[in-house]
Amino acid sequence: MPLRNDLRNLAIVAHVDHGKTTLVDALFRQGGMFRDNQVVAERLMDSLDQERERGITILAKTTSVTYGAVTLQIVDTPGHSDFGGEVERSLRMVDGILLLVDAAEGPLPQTRFVLRKALELHLPVVVAINKIDRSDARCEEVVDEVYDLFIELGAQDHQIEFPILYTNAREGTATTDLNVPGTDLRPLVAAVVSTVPAPNDRSAEPFSLQVNQITYDDYVGRLVIGAVLSGTLQSNQIVHVEGVGRSYDARITGVFRFYGVMRKNLDKAVSGDIVALAGIDQVAIGDVISLPESPVSLPTIDVDEPTVAIAFCVNDGPLAGRSGGVYLTSRHLRERLMREGYANVSIRVEAGEGPDQFRVLGRGELQLAVIIETLRREGFELCVRNPEVITRQREGKREEPLERLVVDIPIQHLGALSELLGSRRAQLLDQRHEGERLRLEYRIPTRGLFGLRGQLMTATRGTALATSLFEKWTEWTGPILRRVNGAIIADRTGVATPYAIFHLQSRGVLFIGAGTQVYEGMIIGENARRTDLNVNICKEKKLTNIRAAGKDENVILTPPRIMTLEKSLEWIKDDEMVEVTPQAIRLRKRVLAANRRPVRPNEDNA
Ligand SMILES: Nc1nc2c(ncn2[C@@H]2O[C@H](COP(=O)(O)OP(=O)(O)OP(=O)(O)O)[C@@H](O)[C@H]2O)c(=O)[nH]1
Ligand SMILES: [Mg+2]
């Protein structure tokens, strides 16, 4: 088989924050992508608003950069475990991986996940120990840990003979020898070119491409991205699209390749190229594009099963449509969620309990929160329920997902951690000292992770590092208590007054400030006690002829606790919902009328 020696197709994979996107920046810079004096944003590939705000990669993205005679076609993948599905399918487009490992943190749960997937596909690996400039870098130890991980995952001998580079992605340097400081990324590029095989040249065969990513471009519309598996395709050619429930012909209106984040026209797409095609509208990940006269079929792209679900429903609260929402109906919601399902194989959308309800299944709270936030920004209004774990029946037994959790904390916070995990059915597997810090490994039901990260960050003042990864299904481990406190609930429609807030703030923590529009059934705070409390938050001070002493008027209000979308999702219980609108996030009881609301058993006596 002839080879496309001018190409190397690789995915950059790692645990979250180990520096993938930063390394891609440096590859661009040194590949002559920018003028010398051009000001370029950091983490250029993290182009989505939520990626920039959260500082993480959410969607895998394809790009390319040319070094001499070779073009590297690179997929920058997300490292957060909720987006593992992105990595899994990206690996189907490439012939090798560049595995980044933080020189101080070493291999973490997602390192294991991505490496396991790559080894299963027999992909060759280049290892880069990154962030060698960190003062706490421990390169030799981390290299040993990487070898251990390969062995533990059952790597074959030829897979273990990987080249090792030591990199500083921020500076854009790589070296094979720690005693010889790197000056640029050439050693890394050389290792990639010699380790990752060139793609086969099947240009003589009929055209085929499997859809791996779907994006949208303001100028050319929907773009489907994939590696050309065989053949050649010209712009303007008619193709055949084949997928589940779809089989039709379409005309290609453009063939592109990404350089950096710039889209460039190609005359044609040839076997081995990773390209973006315009002109195909109805399409889902895994669909096969071929020619009408020689249709090709390929196995579907399967990824790991979802573990977490959230019920979405229309916003039926009294303020619906008054907070900037444009898309309010269940038809809008259904169409939008279906579209999300087409573009993302790791989520599934199912019908919910009622006609206006949908269940969105995914890999974790963050993945689902990102989808909800995206909808909100697009002008949707909706209500969402608390995340629940997905269970399944096996041999008459109910099973739930179990995760491996790695926590890295300063030693003095061990007490706080143990307290948090005690009630969550975590089982300690391993514990290791690393200087002033402790690294602990647990097995914990996925349910036990709900809300954990937020509480852990508060308890350790942001110094903890906690990551988890689905491990296996296990028999239902029994109840896990969520929030113990009750809610403070508005008992009527109106506007919250300073007077009422002043008199209620000692009862718990309030989520709203004076002047906030409320309605009966809206949750306005967390009760200090376990029971729910219905209150009149709109009460005005009785007007009298006699003015009270000046002091009395200047009530001092404690600032409210701002409930973000993610905090709200962690906080709500089964009988509560988050109302999501473009302008406001509100919490509410599912049943708004107090007299029709089932009273929760008094957990104080439970
Ligand atoms: N000191 C140091 N910091 C680095 C280096 N490489 C990356 N960083 C920093 O590490 C942080 C995370 O970098 P990213 O490139 O976003 O990491 P990532 O692997 O793409 O993260 P995800 O895509 O969210 O998994 C950023 O603040 C970078 O500036 C390095 O070599 N040295
Ligand atoms: Mg990234």
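The values are calculated or read from the model by the stated rules, or taken from the named source; none is laboratory data. Predicted model, so just to flag it, every value in this text is computed and none were measured. Cβ placement follows ideal geometry from the backbone for every residue including glycine, while neighbour counts extend to all protein chains displayed.
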*Total residues in the range 38-55, condition in a loop (DSSP other than H, G, I, E, B), near ligand 1 (Cβ under 10 Å from one of its atoms) and not hydrophobic (A, V, I, L, M, F, W, C)*: 4
*asked:* Being assigned to a loop (DSSP other than H, G, I, E, B) and under 22 Å from residue 74 (Cα atoms): is that true of residue 285 here?
replied: yes
*Within the range 15-37, track down each residue that is of a type in the set (Gly, Ala, Ser) and either within 27 Å of the chain's Cα centre (by Cα) or within 16 Å of ligand 1 (Cβ to nearest atom) (or both).*
19, 26
*asked:* Regarding the range 420-432, can at least one residue be identified that is in contact (Cβ under 8 Å) with a residue 24 or more places away in the chain and closer than 27 Å to residue 579 by Cα?
replied: no
_For the range 32-55, which positions are crowded, with 18+ Cβ neighbours inside 10 Å and in contact (Cβ under 8 Å) with a residue 40 or more places away in the chain?_
33, 44, 45
*Can you tell me which of 58, 12 is buried (at least 22 other Cβ atoms within 10 Å of the Cβ), within 10 Å of ligand 1 (Cβ to nearest atom) and under 29 Å from residue 407 (Cα atoms)?*
12
*Quick one: which helices (runs of 4 or more DSSP H) lie wholly within the range 85-196 and hold at least 2 residues that are touching a residue at least 60 places away in the same chain (Cβ under 8 Å)?*
109-120, 186-195
*Any idea which of (1) buried (at least 18 other Cβ atoms within 10 Å of the Cβ); (2) modelled with pLDDT of 95 or more; (3) within 15 Å of ligand 1 (Cβ to nearest atom) is the one residue 134 doesn't satisfy?*
(1)
*What tally of residues in the range 456-485 results from selecting those that are under 19 Å from residue 386 (Cβ atoms) and either modelled with pLDDT of 90 or more or surrounded by fewer than 17 Cβ atoms within 10 Å (Cβ to Cβ) (or both)?*
10
*asked:* From the list 322, 331, 336, exactly one residue is within 26 Å of residue 574 (Cβ to Cβ) and either within 22 Å of the chain's Cα centre (by Cα) or surrounded by fewer than 18 Cβ atoms within 10 Å (Cβ to Cβ) (or both). Which is it?
replied: 336
*Could you list, in sequence order, the residues of the range 362-407 that are touching a Ser or Thr at 6+ places or on another chain (Cβ under 9 Å) and among the acidic types (Asp, Glu)?*
381, 399, 400, 403
*asked:* Taking the condition of being touching a residue at least 24 places away in the same chain (Cβ under 8 Å) and part of a loop (DSSP other than H, G, I, E, B), how many residues in the range 205-218 meet it?
replied: 5
